[in-house]
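Encoded as structure tokens, the structure appears first; notes follow it.
Rule-based calculations on the coordinates, nothing more; no lab input. From a predicted model like this one, the values you see are computed outputs, not experimental measurements. Positions of Cβ are backbone-derived with ideal geometry, glycine not excepted, and every protein chain shown enters the neighbour counts.
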Amino acid sequence: MRKTTVFAASLVATFLLFACTSSDDSASAATTSTAVPDIYKKVYGASSITSDGTYVTIKTNGQPDHKSVYYATSNSKYESFSGTTFGGTTFKKNPNTINLNLAFTFKIPLNPVVATTHASTPLGAIGVAINGVPFFNQYAGPNQPLTDEITSFDQYWGHPQATGIYHYHVEPTYLTTTKGKEALMGFLLDGFPVYGPVENGVAVTGLDVYHGHTTATVDYPNGIYHYHVTNSDPYINGNGYYGTPGTVSN
């Protein structure tokens, strides 16, 4: 009788241990979700979008899905362009061509928060547009304004730099034309979204020094800090990232 009692007690203890372990594992899984939020699914130019529960990783080839005079003439997306470009300036093509062999990996905070210390944006990619094209900041070089580069913006206000990285410094007019001027344009590396130059039917004004503000949007009805593209300097981003940036590699 004693052996039977001991055996039964042992079975109960084993069951309870297993149940507690399973419960703990389930709780852990529930608090660390790797599901990609629906908002990131608007980045239609990505080859893949994944999440580890802390960061969203977006992979893209960086090539515009629209026509450009900067594609090789043999490419189906090549389109001749002349006349005026951004700011009414006369277009002058730069010597570069869109590189078809690039691979970008943007690692962006899943839950962005305001940074204690605001990092400056570097030259190069500072974020990604929904068509997979990188955003660049408001400079042509270290603290050099875009004055001379603006003339080389193509029919959709983008251009490639020396290694063939096509990018937008200003409003991506292909996206504001096809998606609307109030639509989501993409994300900066700190995880905060970028919207077009119109909000609630009027041109955006009153942005802070980082070129953003906190209001409700269609995608974030409870409100979120977000940037806006506008047609005046600093165009997309101002005095650095509002949040803490992730990373980008290519």
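Would you mind checking which residues have amide H under 5 Å from TYR55's amide H? H placed 1.01 Å from N; only 5 or more apart, or other chain.
Under 5 Å from the amide H of TYR55 lie the amide H atoms of LEU110, each far enough along the sequence or on another chain.
Place a point 7 Å from the Cα of LEU102 along the Cα-to-Cβ direction; which residues of region 213-250 have their backbone N under 16 Å from it?
Answer for this model: 248-250.
Starting from the Cα of ASP65, step 7 Å along the direction of its Cβ; do the same at THR50; then give the gap between the two resulting points in nm.
Result for the modelled spin labels: 2.2 nm.
What length, rounded to one decimal in nm, is gained on full extension from SER74 through to GLN161, with 0.36 nm per residue of separation minus their alpha-carbon distance?
29.3 nm
Determine ³J(HN,Hα), in whole Hz, for all residues of region 35-40 in sequence, where each value follows from phi through the Karplus function 6.51 cos²θ - 1.76 cosθ + 1.60 and θ = phi - 60°; x replaces Gly and Pro.
Values, residue by residue: 5, 7, x, 4, 4, 6 Hz.
Placing +1 on the Cβ of each Lys and Arg and -1 on the Cβ of each Asp and Glu in the chain, which of ALA119, GLY83, PRO64 has its Cα farthest towards the positive end of the resulting dipole?
Selected residue: PRO64.
Does region 176-250 classify as rounded, prolate or oblate by the C-alpha gyration tensor (a ≥ b ≥ c root eigenvalues; a/c under 1.5 gives rounded; else a/b over b/c gives prolate, otherwise oblate)?
rounded
Calculate the length of the line joining the C-alpha centroid of region 202-223 to that of region 28-84, in whole Å.
Answer, in whole Å: 23.
Quickly rank 234-245, 86-97 as a protection proxy: mean count of other C-beta atoms within 10 Å, highest first.
Going from most to least packed, we get 234-245, 86-97.
Can you tell me the dipole magnitude for the chain around its Cα centre, using point charges on the Cβ only (Lys, Arg +1; Asp, Glu -1), in Debye to the nearest 20?
660
Report, by chain and number, residues whose modeled amide H sits under 5 Å from the one on GLU199, excluding near sequence neighbours (fewer than 5 apart, same chain).
Placed amide hydrogens put VAL204 under 5 Å from GLU199.
Which ³J(HN,Hα) values in Hz, rounded to whole numbers, follow from the phi angles of region 173-179 under the Karplus curve 6.51 cos²θ - 1.76 cosθ + 1.60, where θ = phi - 60° and Gly and Pro get x?
5, 4, 6, 6, 7, 7, 9
Going by amide H atoms built from the backbone, whose H comes under 5 Å of the H on GLY127, apart from near neighbours?
It is PHE135, LEU189, by chain and number.
Summing -39500 (n - 2.57) over the DSSP H runs of n ≥ 4 in the chain and dividing by its residue number, what mean residue ellipticity at 222 nm do you reach, to the nearest 500 deg cm²/dmol?
Calculated from helices alone, the mean residue ellipticity at 222 nm is -5000 deg cm²/dmol.
For the peptides 99-106, 128-135, 174-181, 185-192, what is the packing order when you average, over each peptide's residues, the other Cβ atoms within 10 Å and list the highest mean first?
Final packing ranking: 185-192, 128-135, 174-181, 99-106.
What does the highest-first list of 225-233, 34-42 look like by mean Cβ count within 10 Å?
225-233, 34-42
Tally Lys and Arg at +1 and Asp and Glu at -1 over the other residues with C-beta under 12 Å from the C-beta of VAL204: what net charge comes out?
Here the count lands on -3.
Only one of the values [x] 141; [y] 117; [z] 169 was calculated from this structure for volume of the Cα convex hull per residue in Å³; name its label.
It is the value labelled [z].
What are the ³J(HN,Hα) couplings of region 141-154, residue after residue, when phi is run through the Karplus curve with 6.51, -1.76, 1.60 and θ = phi - 60°? Round to Hz, x for glycine and proline.
x, x, 6, 9, x, 7, 2, 7, 7, 3, 5, 9, 6, 6
State the number of lysine pairs found in the chain whose Cα atoms come within less than 20 Å, restricting to pairs 8 or more positions apart or on distinct chains.
Close lysine pairs found across the chain: 17.
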